[in-house]
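The values are calculated or read from the model by the stated rules, or taken from the named source; none is laboratory data. Just so it is clear, the structure is predicted and the values come from calculations on it, not from any experiment. Cβ sites come from the backbone with ideal geometry, for glycine too, and all protein chains shown count toward neighbours.
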Amino acid sequence: MKFPEDLRFSKGHEWVSVADDVATIGITDFAQDELGDIVFVEAPEIGATLTQGEAFGVAESVKTVSDVYCPVAGEVVEINSGLVDKPELVNKSPYQDGWMIKVKISDLSALDELMSAKEYENYVLKSK
Amino acid sequence: MRFIPLTDSDRSEMLEKIGVSSVSELFADIPEQIRLYDPLNLPGPEPELDLMERFEELAGENQALNPRKSFLGAGAYLHHVPVAVDQLLLRSEFFTCYTPYQPEVSQGTLAAIYEFQTYTAALTGMEIANASMYDGASALAEAVIMSARIKKKPKVIVSGLVHPHWREVTAAYTRTLDIDLVTVDTGLERGVTDSAQLAIDDTTAAVVVQSPNFLGNIEDLREIRSACDSVGALMIVAVAEPVSLGLLKGPGHFGADVAVAEGRSFGGSLSFGGPGLGMFAVNKEYVRQMPGRLAGKTKDTQGREGYTLTLSTREQHIRREKATSNICSNQALCATAAVIHMSLLGKDGLRKLAIQNLSAAAYLSRRVTSLNGFERISGAHFFNEVAINMPVDPQVVNSRLAKEGIQGGLDLSEYYPELKSSMLFCATEMNTKKSIDQLVSVLAEFEK
């Protein structure tokens with residue numbers, strides 16, 4: 001199981017990668033493993049405004065459906081259209097090709113609340 | 001003999017456990033004035049034979065409907081159901097009202113449901129249909145809820161020419177939701193909905209029309225579609241008489257986003273108004289928003305064709321409070337009856353059946369309106385029902401018809417008070433020329 005050092009993590013098992021004020025968001029390796037084969041990802045509309053902790057979409061696997069929450073507040077500027085035809089990218093490449101949305105962050109301080117890779121790894125180990 | 005196994009001490013033990021002092025305290029939420037304190041006023045026990053005799057006497061007071069002589073439709077249509085339907089339904093593997101979870105023991109039922117979905121999609125001209133809903137009215141209610149959810153807008157506009165009972169059911173389903181259900185009457189003399197008067201605006205999630213509508217007339221779905229498009233609203237089309245689709249193009253051909261229908265005309269019966277069969281179809285785009293069960297075709301590990309429930313993650317047992325609806329079942333037996341009936345008819349048979357219905361209604365309309373003082377409410381195109389204004393109270397007409405063993409039409413004043421002396425007549429393949437002529441000869445007594 002991977003916990004990339006350059007990412008920040010939420011308790012809801014989402015990851016965030018920040019470049020300037022834009023956050024790329026997806027679900028973690030642990031999350032995709034727990035969900036099983038992902039068959040559908042529902043994304044928000046571009047331009048939608050999200051509050052911190054708001055559900056922005058759903059990840060549907062063969063056995064369940066899970067809401068995906070936005071760890072930072074902001075405006076949706078891009079969605080991963082590649083997931084429409086290939087939702088399995090979330091399983092195969094959760095941290096690269098399987099990203100879900102990009103959000104223009106309205107409050108950068110929210111990032112401080114997120115966990116480091118090490119902290120998240122411990123969090124996952126504890127919750128197991 | 002005691003049928004209730006509880007002793008008084010059992011009862012007091014249970015009451016004590018839940019912290020209530022008496023059984024009546026459990027009913028505290030029920031208003032005092034409607035609670036029953038006295039025993040039911042029933043006669044004493046009687047021997048079984050005497051009771052049988054009494055009930056047979058009561059049953060003898062029922063008047064059996066002569067199916068040739070009924071002219072009542074209004075959402076529940078009398079059609080000939082081939083005897084093969086009932087015979088095939090007797091097969092034990094079909095004898096369930098439930099949707100099967102276990103594909104390994106339910107291939108027959110699942111295949112029948114899959115066929116039903118295929119027929120429903122073909123009939124309505126839509127891409128995907130579900131395994132069925134309880135009836136047309138509840139299917140419409142679910143369509144309204146689904147549309148408001150998709151569009152994230154509160155308002156749903158319903159034409160006043162949608163079946164009044166369907167509108168009531170929809171209102172009951174949506175009453176506690178964040179949905180603003182608005183019924184708009186656009187005038188009855190036109191016979192069809194006037195989209196310009198629907199007051200569709202950008203807060204409108206969807207528009208509901210029924211075609212043929214409650215007055216039997218065929219709506220201009222193209223006009224409704226373009227009115228919806230002007231604000232990006234969804235178009236929901238309800239069909240109370242799906243036999244009409246043997247002749248008319250399905251709602252999907254006019255760009256409907258959701259099509260719902262009452263399927264009882266196929267394989268069903270008119271037993272105290274039920275059971276109904278809801279048909280529900282959408283385009284692929286909204287499949288994950290669709291309520292209800294869905295049977296899918298797949299291959300097993302050895303590559304053999306098989307059927308199983310699919311896309312279940314929309315449903316209550318998985319998605320809990322975020323499920324797309326709370327229906328976790330379907331009308332499997334009625335749907336099976338419908339699919340058998342439709343398969344016996346075939347495409348050509350359905351078309352011929354629809355022509356027979358139209359011909360019978362057209363003959364009825366022509367003959368009745370040839371009587372002085374009898375005229376159609378509007379000049380709109382109709383299918384197998386026609387609304388006629390009469391020079392006499394419909395109740396008087398129906399009592400007179402009943403004496404001849406004829407079931408008259410529906411008194412429209414009950415639903416549209418402004419139509420004081422109008423009746424909705426229905427004619428199907430069940431009505432012969434002779435039976436229609438007999439109806440007309442009785443109506444002629446009331447000529448001006």
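Among the conditions (1) away from chain A (no Cβ under 14 Å); (2) touching a strand residue (DSSP E or B) at 6+ places or on another chain (Cβ under 8 Å), the only one that B:L248 does not satisfy is (2). For segment B:209-216, the condition of being crowded, with 21+ Cβ neighbours inside 10 Å, among the hydroxyl-bearing types (S, T, Y) and either on the phi > 0 side of the Ramachandran plot or not in a strand (DSSP E or B) (or both) holds for at least one residue. Residues in segment B:294-321 that are over 17 Å from B:E115 (Cα atoms) and more than 10 Å from every other protein chain (Cβ to nearest Cβ): 8 in all. Looking at this structure, is B:R367 in a helix (DSSP H, G or I), more than 23 Å from the chain's Cα centre (by Cα) and at positive phi? Spelling it out, it is not the case that B:R367 is in a helix (DSSP H, G or I), more than 23 Å from the chain's Cα centre (by Cα) and at positive phi. A:V39 satisfies every condition listed in (1) aliphatic (A, V, I, L, M); (2) within 14 Å of another protein chain (Cβ to nearest Cβ); (3) free of Cβ contacts under 8 Å to residues at least 12 places away in the same chain except (3). Among the residues of segment B:1-42, those identified as in a loop (DSSP other than H, G, I, E, B) and acidic (D, E) are B:D29, B:D38. Among the residues of segment A:111-128, write down those that are in a helix (DSSP H, G or I) and small (G, A, S). Within segment A:111-128, A:A117, A:S127 qualify. In this structure, does B:N283 turn out to be within 21 Å of B:G136 (Cβ to Cβ), more than 12 Å from chain A (Cβ to nearest Cβ) and in contact with a Ser or Thr (Cβ under 8 Å, 6 or more places away or on another chain)? Considered against the rule, which asks whether it is within 21 Å of B:G136 (Cβ to Cβ), more than 12 Å from chain A (Cβ to nearest Cβ) and in contact with a Ser or Thr (Cβ under 8 Å, 6 or more places away or on another chain), B:N283 comes out as no.
Could you tell me whether segment B:347-365 includes any residue that is closer than 30 Å to B:Y98 by Cβ and within 14 Å of another protein chain (Cβ to nearest Cβ)? Checking segment B:347-365: not a single residue is closer than 30 Å to B:Y98 by Cβ and within 14 Å of another protein chain (Cβ to nearest Cβ).
Residue-wise test of (1) surrounded by fewer than 21 Cβ atoms within 10 Å (Cβ to Cβ); (2) in the same structural domain as B:V397 (by TED's automatic domain parsing); (3) of a type in the set (S, T, N, Q); (4) modelled with pLDDT of 95 or more.
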site: B:L110; (1), (2), (3), (4): no, no, no, no
site: B:F116; (1), (2), (3), (4): no, no, no, yes
site: B:T124; (1), (2), (3), (4): no, no, yes, yes
site: B:S138; (1), (2), (3), (4): no, no, yes, yes
site: B:A148; (1), (2), (3), (4): no, no, no, yes
site: B:K155; (1), (2), (3), (4): yes, no, no, yes
site: B:V158; (1), (2), (3), (4): no, no, no, yes
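With respect to the conditions (1) acidic (D, E); (2) buried (at least 20 other Cβ atoms within 10 Å of the Cβ); (3) at pLDDT below 95, A:D29 falls short on a single one, namely (3).
Selection of segment A:68-106 for residues being acidic (D, E) and within 20 Å of B:E285 (Cα to Cα) yields A:D85, A:E88.
Taking the listed residues B:N384, B:N389, B:N326, B:N372, the one that is surrounded by fewer than 19 Cβ atoms within 10 Å (Cβ to Cβ), touching a strand residue (DSSP E or B) at 6+ places or on another chain (Cβ under 7 Å) and either more than 30 Å from B:L443 (Cα to Cα) or touching a residue at least 24 places away in the same chain (Cβ under 8 Å) (or both) is B:N389, with no other qualifying.
Of note, A:K92 does not satisfy the criterion of being within 14 Å of chain B (Cβ to nearest Cβ), among the basic types (K, R) and either without any contact (Cβ under 8 Å) to a residue 40 or more places away in the chain or in contact with a strand residue (DSSP E or B) (Cβ under 8 Å, 6 or more places away or on another chain) (or both).
Number of residues in segment B:268-317 that are in contact (Cβ under 8 Å) with a residue 40 or more places away in the chain and surrounded by fewer than 21 Cβ atoms within 10 Å (Cβ to Cβ) equals 15. The residues in segment A:46-87 that are of a type in the set (S, T, Y), away from chain B (no Cβ under 13 Å) and touching a residue at least 24 places away in the same chain (Cβ under 8 Å) can be counted, and the count is 2. Only one entry of B:A74, B:A112, B:A59 meets the criterion of being within 24 Å of B:A137 (Cα to Cα) and not in a loop (DSSP other than H, G, I, E, B), and that entry is B:A112. If you go through segment B:149-185 and keep only what is within 24 Å of B:E285 (Cα to Cα), assigned to a helix (DSSP H, G or I) and of a type in the set (A, V, I, L, M, F, W, C), you end up with just B:I150. Residues of segment A:15-36 that are away from chain B (no Cβ under 14 Å), over 14 Å from the mean Cα position of the chain (by Cα) and assigned to a loop (DSSP other than H, G, I, E, B): A:D20, A:D21.
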